[in-house]
Amino acid sequence: QVREWKNEGSKRYMCTGRPGWLTVSLRVGKYKKIHKNIMINLMDVLEVDSERQVVRVEPLVTMGQLTAHLNPMGWTIPVVPELDDLTVGGLIMGTGIESSSHIYGLFQHTCVAYELVLADGSLVRCSPTENSDLFYAVPWSCGTLGFLVAAEIKMIPAKKYVKIHYEPVRGLQKICEKFTEESKKKENSFVEGLVYSLEEAVIMTGVLTDEAEQSKINRIGNYYKPWFFKHVEKYLKADRTGIEYIPSRHYYHRHTRSIFWELQDIIPFGNNPVFRYLFGWMVPPKISLLKLTQGEAIRKLYEQHHVVQDMLVPMKSLEKSIQTFHVDLNVYPLWLCPFILPNNPGMVHPKGDEAELYVDIGAYGEPKRKQFEARASMRQMEKFVRSVHGFQMLYADCYMTREEFWDMFDGSLYHKLREQMNCKDAFPEVYDKICKAARH
């Protein structure tokens, strides 16, 4: 298809032919209608190499599919981002994170090689030792350097359960101290925080294990079970700590059934025990279905009165960041997920020469701030994130100007490669693909 595009005279930009409504991002990309759509229907797990501890997959393999394939073989991948429908291609070209990221980094940091079809129709493999510039430039590039056709991801041995410890914490300073302290401990397989108000949170730490106390096993993934974030809130309300054993696959997809807490706005009675028991098997609705059936008026309403944002900030700025989120958005719960950011080349790396501990703050829901105005409030947030040397996840609505965008991200390697590989006639710049200012 790429060679055909070349023979036709390379008249317009190329993009993948997967319809916009199928993606998990709430944004509907308008570029699909005007660019040359390249169909990439590659959705298979290609090989599981137990000796090298690497799994080779095609880009449309989903997290649900990958864990279902690897777990029975005794393997998993180090970072399994939450939602079942997230694809390997999306997690590499965008980004992905999970509560194990304080050890392993972002999803891209667990990948050991990529295979891409470039603008000239050639197939290349890149890794830290072969075509390394391209290897480091691919993450966050949103398909603007080439088409991903395969990726090799590290594997780790799977265990049956996650032994999870819930601890309610009150007082913002204490929340931040406790969260930072737990995130630095490598013995925690998982660290996660749910912030329910400016002064209240539950910090969860988990350890992988094959043994479990039968009486404390909680299969939270079963359709009739309470939504996970509501279950966690019980510990806060009762002001007590707790320990449970959750089957690993249920843990990895613990926020899937309620799409974190997004479903409470879509189906307000969704967590009612009667609804769960009778109809729980029907949720969550596929995000793709919601997008496909959503009219323009509803979409605009959603955009103005709803936020779905992940901001990645240095751990040392956590307290200041939560206060900023509170003032600018006032959305709760907030999701806290720690990750180590290595000092690799590419668009996203810490300010200094060392790897640094960062935290993903996820705000999903309806802002309770009185004067919330999507554009102004988000520009305020983006400015703050730039000031602390943080990053905004690119799946979300981004209101920055081109200068502000390249102030947030390091474009040096990216622009060099676009020049070298003649991408400028083949793919739009990443900014033009994702930013609101560029799309209207």
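If the condition is being assigned to a helix (DSSP H, G or I) and buried (at least 18 other Cβ atoms within 10 Å of the Cβ), then region 219-230 contributes F228, F229.
Within region 5-41, if we keep just the residues that are buried (at least 17 other Cβ atoms within 10 Å of the Cβ) and of a type in the set (A, V, I, L, M), the residue that is modelled with the highest pLDDT turns out to be M14. The single condition among (1) open to solvent by 20 Å² or more (accessible area, probe 1.4 Å); (2) modelled with pLDDT of 95 or more; (3) acidic (D, E); (4) in a loop (DSSP other than H, G, I, E, B) that D84 does not meet is (2). Taken together, D397, D328, D360 contain a single residue that is closer than 24 Å to V202 by Cα and under 15 Å from the mean Cα position of the chain (by Cα), which is D360.
Among residues of region 342-364 that are under 24 Å from E192 (Cα atoms), those with a Cβ under 9 angstrom from a residue that is of a type in the set (K, R) and surrounded by fewer than 17 Cβ atoms within 10 Å (Cβ to Cβ), sequence gap 6+ or separate chain, pair up as E356/K316; L357/K184; L357/K316. Filtered by the rule that a residue be among the charged types (D, E, K, R) and touching a His at 6+ places or on another chain (Cβ under 6 Å), region 222-280 gives no residues. Summed over region 104-118, residues that are open to solvent by 10 Å² or more (accessible area, probe 1.4 Å) and out of contact with any strand residue (DSSP E or B) (no Cβ under 7 Å at 6 or more places or on another chain) total 3. Answer yes if at least one residue in region 181-194 is over 19 Å from P247 (Cα atoms), of a type outside the set (V, I, T) and in contact with an Asp or Glu (Cβ under 6 Å, 6 or more places away or on another chain), and no otherwise. No, that holds for no residue.
Among the criteria (1) over 22 Å from L118 (Cα atoms); (2) at pLDDT 90 or above; (3) open to solvent by 10 Å² or more (accessible area, probe 1.4 Å); (4) under 20 Å from the mean Cα position of the chain (by Cα), the one L60 does not fulfil is (1).
The values are calculated or read from the model by the stated rules, or taken from the named source; none is laboratory data. None of the values given here were measured: they were computed from a predicted structure. Backbone-built Cβ (ideal geometry, glycine too); neighbour counts: all protein chains shown. Please note that ligands, DNA and RNA were not included when accessible areas were found on the heavy atoms of the full protein model with its side chains. Shrake-Rupley method; radii C 1.70, N 1.55, O 1.52, S 1.80 Å.
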